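Written below as C-alpha cells is the structure these notes are about.
Every number here is computed from the coordinates shown, using simple stated rules; none is lab data. Predicted model, so just to flag it, every value in this text is computed and none were measured. Cβ sites come from the backbone with ideal geometry, for glycine too, and all protein chains shown count toward neighbours.
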Amino acid sequence: MPASALVPGAVGSLRLYEMHSNFVHDLLRKARTTASERGYRHVWARDGVVCVRKSDGADVIELFSESDLESLL
C-alpha cells in the first residue's frame, strides 16, 4: 500500500503485519521448516491459525498444534 494513502504527500510504501502469540509464532516457524522439508510451497498464519498448502489450488491444511505437523506427508 502506498504511504500516501494514509498520509498525503508521504513517499514510499507501507507494510502491515499481523502480530501473533508466542505459541502461534513458534508453530509457524516449525511449520515452515517441516513444510519445506516435505515439499509444501505455502505457509502462513491468519487469525491465529497456521495454514499450509502443498501447491497453488491445493486444499489448505490448518495446524492447531505441533502434533498436527505429523499430518504433513
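Average projection, convex hull of the Cα set of the chain: 6.3 square nanometres. Summing Lys and Arg as +1 and Asp and Glu as -1 over all other residues whose Cβ lies under 11 Å from the Cβ of Gly48 gives a net charge of -2.
What is the helix-to-structure angle for 22-37, meaning the angle in degrees between its Cα long axis and the longest Cα principal axis of the chain, kept from 0 to 90 and rounded to the nearest 10? The angle comes out at about 70 degrees.
Dividing the mean sequence gap of close Cα pairs (under 8 Å, 6+ apart) by how many residues the chain holds gives a relative contact order of 21 percent. For Lys30, Lys54, the sequence from fewest to most other C-beta atoms within 10 Å is Lys30, Lys54.
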